[in-house]
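Following: one structure in structure tokens, then a few remarks.
The values are calculated or read from the model by the stated rules, or taken from the named source; none is laboratory data. These numbers come from a predicted model, not from an experiment. FYI the Cβ positions are ideal-geometry reconstructions off the backbone, even for glycines, and counts take in every protein chain you see.
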Amino acid sequence: MTHIEKRLRQVLHRAQRIVALTGAGISAESGVPTFRDAQTGYWEQFDPGELATPEAFRRNPRRVWAWYAQRRRLAEQAQPNAGHRALVDWERQLGGLRVVTQNVDGLHQRAGSQQVTELHGNIHRDRVFEGAVDGASDAPELPRCPCSGGLLRPDVVWFGEALPEGTVEAAVAAVREADLVLSVGTSSLVQPAASLPLEALERDIPVLEVNREPTPLTPVADWSLRGSAGEILPALVG
Ligand code: BJW
């Protein structure tokens with residue numbers, strides 16, 4: 001066993017408060033596509049500027065809703081996988097594991113995770129769209145709020161939008177109190193989520209990455225394990 005492996009074993013053994021930052025990669029083995037994987041990622045096929053910004057919704061709410069309706073069905077049909085379940089086992093063993101997820105699919109909660117912070121909202125919820133949209137009066141099929149009649153949108157965070165109130169603060173506080181931060185299945189490109197492991201590193205809190213590919217976090221993380229979350233996480237929990 002190398003010194004680095006030995007140190008990882010020690011840290012895993014002693015950890016009592018873990019924060020697991022997760023991204024689309026942890027749901028990939030449940031059949032939910034990621035955003036940036038070569039060939040299969042959404043942003044390989046679609047322009048995020050046409051689907052995941054408030055301006056895109058304003059210009060063409062039908063197109064945005066069609067995409068989200070299809071993804072909502074996919075998320076409903078998907079089942080949590082061994083990666084999600086490993087984090088649940090870990091939480092039950094320790095009591096002190098918080099999942100901070102960029103995913104909107106709800107699979108952590110369905111797997112049984114109790115402490116989940118959703119940074120980018122939840123695809124299964126709607127909220128009223130603030131502002132006017134082009135041609136909405138000609139789109140009676142679009143969902144509307146029964147109380148106000150306002151046009152509804154999926155309750156997710158698009159580019160340029162603020163994250164749900166209090167979530168970043170809660171995530172930063174959890175990271176600062178952690179004795180181990182995991183970064184699982186995220187490309188570490190989207191802010192402010194990508195800064196959370198850096199916040200840990202600045203405070204000498206160890207960071208372990210689990211990813212199929214190298215990311216901008218890889219060179220600075222204490223350990224980076226290459227492979228699928230569904231195989232690596234259960235092996236780490238033991
Ligand atoms: C596996 C695997 C397996 C595959 N096992 N691994 C500072 C600097 C530069 C830019 C910015 C900045 N601050 C803000 C910005 C702008 C922007 C941003 O970060 N842009 C960058 C892309 C450059 N950020 C924002 O706009 C954010 N808002 C904000 O900061 O607002 C400020 C503000 C404050 C106050 C008032 C107003 C504004 C919002 C970001 C919203 C992101 N939204 C999306 C889509 C909406 C939700 C949805 O529809 O689902 O969220 S984009 C998309 O990316 C989605 C994801 O949650 C997010 C992250 O993607 P993720 O999860 O990392 O997935 P992938 O596909 O990128 O990576 C998957 C990884 O898994 C890969 O590495 C694979 O290798 C791996 N993998 N299979 C293990 N089995």
Original post:
Only one of these conditions is not met by A221: (1) buried (at least 17 other Cβ atoms within 10 Å of the Cβ); (2) under 18 Å from L97 (Cβ atoms); (3) of a type outside the set (S, T, N, Q); (4) more than 7 Å from the ligand (Cβ to nearest atom). Which number is it?
Top reply: (2)
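Going by what's in this entry, would G121 be described as surrounded by fewer than 13 Cβ atoms within 10 Å (Cβ to Cβ) and within 10 Å of the ligand (Cβ to nearest atom)?
Numbers: surrounded by fewer than 13 Cβ atoms within 10 Å (Cβ to Cβ): no; within 10 Å of the ligand (Cβ to nearest atom): yes.
No.
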**OP:** Could you pull out the residue among G150, G135 that is over 23 Å from A194 (Cα atoms), in contact with a strand residue (DSSP E or B) (Cβ under 6 Å, 6 or more places away or on another chain) and away from the ligand (no atom under 15 Å from the Cβ)?
**Re:** G150
**OP:** Sort out for me the helices (runs of 4 or more DSSP H) sitting completely within segment 20-99 that have 2 or more residues that are modelled with pLDDT of 95 or more, touching a strand residue (DSSP E or B) at 6+ places or on another chain (Cβ under 9 Å) and under 30 Å from V128 (Cβ atoms).
**Re:** 54-59, 61-77
**OP:** Only residues that are buried (at least 17 other Cβ atoms within 10 Å of the Cβ) and either without any contact (Cβ under 8 Å) to a residue 60 or more places away in the chain or of a type outside the set (S, T, N, Q) (or both): list them for segment 90-108, please.
**Re:** W90, E91, G96, L97, R98, V99, V100, V104, D105, G106, L107, H108
Original post:
Cβ-Cβ below 9 Å, separation at least six or inter-chain, first residue in segment 8-31 and within 16 Å of the ligand (Cβ to nearest atom), second of a type in the set (F, W, Y): which pairs?
Top reply: A20/W90; G23/F35; A24/F35; A24/Y42
Original post:
So, in segment 51-71, of the ones that are more than 18 Å from A139 (Cβ to Cβ) and surrounded by fewer than 20 Cβ atoms within 10 Å (Cβ to Cβ), which residue ends up nearest to the ligand (Cβ to nearest atom)?
Top reply: R71
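Say we look at segment 189-209 and pick out the residues that are closer than 21 Å to S228 by Cα and without any contact (Cβ under 8 Å) to a residue 60 or more places away in the chain; which of these is farthest from the ligand (Cβ to nearest atom)?
Going through segment 189-209, the residues closer than 21 Å to S228 by Cα turn out to be 189-190, 193-194, 197, 206-209.
Restricting the remaining residues to those that are without any contact (Cβ under 8 Å) to a residue 60 or more places away in the chain gives 194, 207, 209.
Numbers: A194: 7, V207: 15, E209: 9 Å.
Only one residue fits best here, namely V207.
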Subject >> Selection from segment 100-121 of residues that are touching a strand residue (DSSP E or B) at 6+ places or on another chain (Cβ under 7 Å) and farther than 25 Å from E177 by Cβ >> reply: V104, D105, G106
